[in-house]
C-alpha cells in the first residue's frame, strides 16, 4: 500500500546565534535529525518522547509551519517541499493541525463562528450562507451546540475549546491531521471525551493522524503504530502491540517502565534510567542515548547505530540489534 | 501520632451573590511519617486546601469562613504572620508545580538556599554553605559546590524541582506539602523525583501531603488517598482499598477514564459533562448532574462523608453497590 504521507530524512537544525537574530551563528541545535516515517490513510501514528526530543518540530514541518533544513515530505504522491505557495496552499487543505493549548490557539477577539469559518474563507470553498451552515454542522459534529457559534473563546472550558479547535481543523475536510498534544492540558475526565471524539471522527471520515504526545497511555490507546523519539532521532518504530509488549530500544523500555500505573503495588519501584536528556546543541557522539543507557557498550560511544528491523515492521536504532550487513555501511556514513 | 488535623475547613472567594466556596467542610488528618495523596481535577479545591495550611492564601480575595487547622496540637489559623513564618520551614515545607516561577530568577540557587537556612537557623555563614551543599547532594545534584553559583535558568526543569525540594527540606520540616511536584516534568524525571521524595521521607521521617491529578502517581507513593470534587471530599481510603474498591462514582469514573498501558483500542469510558459552576453548585450532591448512579434523593441533600468500614469513607448514598459490583 502506498502511504498517504511519507517523510524521508527529515531534518531541522536551528541556528543558535550570539546576541539576537543578527548575531554570529554559535552553533546548531539539532532539533530533528534524519527522521523517516510513513503514515497510511486512516491510520494513527503515535509520536512519543520527552520534552525537547523534536516531536512537535516534526509535526510542524509536515505542514511547513517550520521549514525543514533537509529531507522530503511526500503527501499523496507530491513532494510538499517542492511546491510553491499556491500549489502548497491547495495541498495544505488536506493537512491540518490541532494544538495543545486550547487557550492560546484560538483568537480571543473572534467568535467561534469566525474561527471555524476562517479556513473556509481563505480557501473559498463555500459561499457565505453555506459556510454558516457548515459551521453549525461542524459544531454539532464535535459535540457543541450550533448556538455556541456567536460566543467567544473565553466563554468555554478547556475541553470545549479543544472541540472548537477540532471543528476548525475539520472545516476543509482534511485527510491528515497533526494532533500536537491535543489532550495534555485537559483533566482526565475531559481527556477521555476528546480522545473518543478523535477516534469517532477518524472512523467516520477516514482521517489519518500523527498523534504527538508524551503520555504513553493515551498514545497506546489511540495509535495503530508508535514511533519513539529521543534527541531528534526516531529510536524505535513499530506496530503498537509489538512496541508495548516487547520494546526493543533501552530508551523505550525505560520510558514504558517509568509510567506510574494506577495500581498500588507492594514495594518500591526503582528508576530504570538516571540522568537527564543532554542538550540538543551538543548531542552525545555515537548513540545519543548512550549517556543514560543501562546497556551501554564501547561501540555506542563511537558509532551512531543504524536502523535494524529485527521483526517485520519493528524498526530500532540500537547496537544491541545489529542491522543487516548490507544496510550498515550506508547508515554509518550517513 | 496525628501531625496535622484539618477540621471543617471552608474557604470562600469573593462576597455577596457571586461568592464561590472553593473548599467546603473539608476535614482530614495526616499522621507522622505518612504520605497522604489528594487527588482531584482542576477546581476541586486541592491547591486551595494546601495554601490554607501554609497560610499562603491571599486574603482577600480568599476568606477562611470556618474551620480549624491543627499542627502538633495548635490551631495555626490563629497564628500571627510571625508565628506562621516560624512554622514554615521547620514545621511545614512546600514545593510547587512550577519550579521556574517558584525560584527567584535574579539570585543564584546558593543564595536562595542559604537564605532559607539563615531565616530559620542561627548558624555561621560557613555552616550555612555546608548545609546547602549537603542538601543539594541529598537531592541528587551532581557537583553541588559549583551549582551553588548557578542561576535558575541554567538548570533543567528536573534540576530546578530538585533545588526546590532541597530548599523545602533544608529546615527539616515534619510535613512536606508537594503540590503537583512532577506535573511539569517528563516521565523518566518524574520517576526520579518521586523516588527521591520517598527516600527523603524515610531518611527524615517526614510526612508528605502530595497533591496531584495523576492517579498513577498516587498509586505509586501514597499510603492513604483523599479524592476531592468541586470543593468537597467525596472519598477517602487506604491506597489499596481506593483502587480496588472505589466507592464513589466520581472516583470510579476517574479510574475508568485513564487509558492504561494494558487496555486496547476500545472506547474510553468518560465522565459526561463538566465541573459545575462554582458560584451555583447543584443543591444536593455536587457530582449528581454527571453521575450514572444518581437517584432522586441525590438532589435533595448533600450526602455526608460516611465511614463505610475499615477506615474507608464515601460521600455516596449508593456506596455499597459501588464497592461490590
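Listed values, structure above:
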| item | result |
| --- | --- |
| Ranked list, fewest to most other Cβ atoms within 10 Å of each Cβ, for B:2, A:252 | B:2, A:252 |
| Whole-number D in µm² s⁻¹ for region A:1-151, Kirkwood Cα-pair radius fed into Stokes-Einstein, 4 °C, 1.567 mPa s | 72 |
| Kirkwood Rh and Cα Rg combined as Rg over Rh, evaluated for region B:28-106 | 0.95 |
| Distance-filtered residues of region A:143-173 - backbone nitrogen under 16 Å, label point 7 angstrom along residue B:98 Cα→Cβ | none |
| Virtual spin-label span in nm between residue A:51 and residue B:106, 7 Å along Cα→Cβ | 2.4 |
| Base-10 log of normalised Debye intensity for region B:138-212 (one unit scatterer per alpha-carbon) at q = 0.13, 0.23, 0.25 Å⁻¹ | -0.37, -1.15, -1.31 |
| GNM flexibility winner over chain B from B:229, B:151, B:79 (Cα, springs under 10 Å) | B:79 |
| Modelled FRET efficiency - R0 30 Å, residue A:282 with residue A:320, Cβ distances, 0.05 increments | 0.75 |
| Shape parameters for region B:133-257, alpha-carbon atoms, Rg then Dmax in Å | 16.4, 52 |
| Test item: B:214-222 mean partner chain Cβ contacts at 10 Å | 4 |
| Helix-only mean residue ellipticity at 222 nm for the protein assembly as shown, each DSSP H run of n ≥ 4 adding -39500 (n - 2.57), per residue, nearest 500 | -9500 deg cm²/dmol |
| Quotient of Cα Rg and 2.2 N^0.38 Å for region B:33-182, N being how many residues it contains | 1.09 |
| Kirkwood hydrodynamic radius (C-alpha pairs) into Stokes-Einstein, region A:155-253, 20 °C and 1.002 mPa s, D in µm²/s | 147 |
| Rounded FRET efficiency, nearest 0.05, which uses the C-beta distance separating residue A:147 from residue A:8 and R0 of 56 Å | 0.75 |
| Cut-off 17 Å, label 7 Å out along Cα→Cβ of residue A:81, residues of region A:233-247 by amide N | A:233-234 |
| Ascending count of other beta-carbon atoms within 10 Å, so fewest first, for A:14, A:75, B:28 | A:14, B:28, A:75 |
| For region B:32-58 and region A:202-239, distance of Cα centres in Å | 35 |
| Most mobile of A:159, A:54, A:46 in a GNM of chain A (Cα contacts under 10 Å) | A:159 |
| Cα gyration tensor shape for region A:189-334, rounded if a/c is under 1.5, else prolate or oblate | oblate |
| Neighbour-count ranking [beta-carbon atoms within 10 angstrom, fewest first] of A:269, B:318 | A:269, B:318 |
| For region B:200-239, alpha-carbon Rg and Dmax in angstrom | 11.4, 36 |
| Relative contact order of chain B, pairs being alpha-carbon contacts under 8 Å that are 6 or more residues apart, as % | 20 |
| Region B:247-305: radius of gyration and largest Cα-Cα distance (Dmax), Å | 13.6, 40 |
| Residue B:29 versus residue A:200: modelled label distance in nm, points set 7 Å from Cα along the beta carbon direction | 4.7 |
| Relative contact order %, chain A, counting alpha carbon pairs below 8 Å whose residues are six or more apart | 19 |
| Degrees between helix B:187-204 axis and first principal axis of chain B (Cα, 0 to 90, nearest 10) | 70 |
| With Cα atoms, 0 to 90° folded angle of helix B:125-138 axis to chain B main axis | 50 |
| Share of alpha-carbon pairs per 10 Å distance bin for chain B, given as whole % | 6, 25, 32, 24, 11, 3, 0 |
| Computed Kirkwood radius, in angstrom, where 1/r is averaged over Cα pairs of the protein assembly as shown | 27.0 |
| Test item: A:208-220 mean partner chain Cβ contacts at 10 Å | 2 |
| Convex hull volume per residue in cubic angstrom - Cα atoms of chain A | 170 |
| Region B:5-33 residues near the modelled residue A:157 label - backbone nitrogen below 19 Å, point 7 Å along Cα→Cβ | B:20-24 |
| For chain A, built as a Gaussian network whose Cα springs stay under 10 Å, the top-fluctuating residue of A:233, A:311, A:117 | A:311 |
| Inter-label distance, nm, simple model (7 Å from Cα along the C-beta direction), residue B:119/residue B:68 | 2.8 |
| Helix A:112-123 axis, angle to chain A major axis (alpha carbon atoms, nearest 10°) | 80 |
| Efficiency of FRET from Cβ geometry, residue A:26 and residue B:146, R₀ 25 Å, rounded to 0.05 | 0.65 |
| Percent of alpha-carbon pairs separated by more than 13 Å within region A:236-306 | 71 |
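Each reported figure results from applying straightforward, stated rules to the coordinates on display, with no laboratory input. Please read these numbers as outputs of a predicted model, since none were measured by experiment. We place every Cβ from the backbone using ideal geometry, glycine too, and count neighbours over all the protein chains shown.
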